[in-house]
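Q: The structure is given below, and queries will be raised subsequently.
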């Protein structure tokens, strides 16, 4: 009985974190200085905008109001701020025919301008059942959507650990890197 009560109290404390605290995504999402991304994919697919759309929508849902984004941490008021930095985008033109696509981001949760938590998220996609018919940007958008879901859970639950996602079986990093 005591265990159940303790678990219940922990669940209330953990699940109440985001309910009491508004969390906003700082936009625009930035790129790390050493980020690996094919310029054409960066220009045409705009992974930073895809992430802003999906993560912002998730935070809007968690917050229950607003658009889930803020232009700077200074403008966030009492809200916490989620800052994303893209460190790598795996993808070349050719959609599903040119292999898997991936987005990797570093995420920081700031409160009062100070980093209170940070994590790394990497999500892969081969485009699913109809991957060969999907374009690169569409597949990267799926990666951004998955990152949005992961970060929504992470923001809402301080004990949630984002698991590193293994590369798909048909991913050949050496050949992918050489193609880029």
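Q: Consider the stretch 23-41. How many of its residues are part of a helix (DSSP H, G or I) and in contact with a helix residue (DSSP H, G or I) (Cβ under 8 Å, 6 or more places away or on another chain)?
A: We begin by selecting, within the stretch 23-41, every residue part of a helix (DSSP H, G or I); these are 39-41.
So of that shortlist, the ones also in contact with a helix residue (DSSP H, G or I) (Cβ under 8 Å, 6 or more places away or on another chain) come out as 41.
Qualifying residue count, the stretch 23-41: 1.
Q: Please go through the stretch 57-99 and give me each residue that is without any contact (Cβ under 8 Å) to a residue 40 or more places away in the chain and either in contact with a strand residue (DSSP E or B) (Cβ under 6 Å, 6 or more places away or on another chain) or within 23 Å of residue 33 (Cα to Cα) (or both), ordered by number. Steps first, answer last, please.
A: So the first thing to find is which residues in the stretch 57-99 are without any contact (Cβ under 8 Å) to a residue 40 or more places away in the chain, and the list is 60, 64-65, 67, 74-75, 77, 97.
Listed by number, the list holds a single entry, 74.
Q: Looking at this structure, is residue 59 at pLDDT 95 or above and crowded, with 19+ Cβ neighbours inside 10 Å?
A: Spelling it out, residue 59 is indeed at pLDDT 95 or above and crowded, with 19+ Cβ neighbours inside 10 Å.
Q: For the stretch 137-166, which positions are more than 12 Å from residue 121 (Cβ to Cβ), assigned to a helix (DSSP H, G or I) and free of Cβ contacts under 8 Å to residues at least 60 places away in the same chain?
A: Residues satisfying the conditions are 138, 139, 142.
Q: Also, quick follow-up: Of all the strands (runs of 3 or more DSSP E) wholly in the stretch 62-129, which have at least 3 residues that are within 14 Å of the chain's Cα centre (by Cα), surrounded by 20 or more Cβ atoms within 10 Å (Cβ to Cβ) and on the phi > 0 side of the Ramachandran plot?
A: Numbers: elements: 80-90, 101-111, 114-125.
Qualifying strands (runs of 3 or more DSSP E): none found.
Q: Sort out which residues of the stretch 28-55 are touching a residue at least 40 places away in the same chain (Cβ under 8 Å), farther than 20 Å from residue 100 by Cβ and in contact with a strand residue (DSSP E or B) (Cβ under 7 Å, 6 or more places away or on another chain), and write them in order of number.
A: Answer for the stretch 28-55, where residues must be touching a residue at least 40 places away in the same chain (Cβ under 8 Å), farther than 20 Å from residue 100 by Cβ and in contact with a strand residue (DSSP E or B) (Cβ under 7 Å, 6 or more places away or on another chain): 29, 30, 31, 32, 55.
Q: Related question: Any residue that is within 29 Å of residue 74 (Cβ to Cβ), crowded, with 16+ Cβ neighbours inside 10 Å, more than 11 Å from the chain's Cα centre (by Cα) and at pLDDT below 95 - is there at least one of those in the stretch 150-167?
A: Yes, because at least one residue in the stretch 150-167 is within 29 Å of residue 74 (Cβ to Cβ), crowded, with 16+ Cβ neighbours inside 10 Å, more than 11 Å from the chain's Cα centre (by Cα) and at pLDDT below 95.
The values are calculated or read from the model by the stated rules, or taken from the named source; none is laboratory data. If you're wondering where the values come from, they're calculated on a predicted model, not measured in any experiment. All Cβ positions, glycine included, derive from the backbone under ideal geometry; neighbour counts span all protein chains shown.
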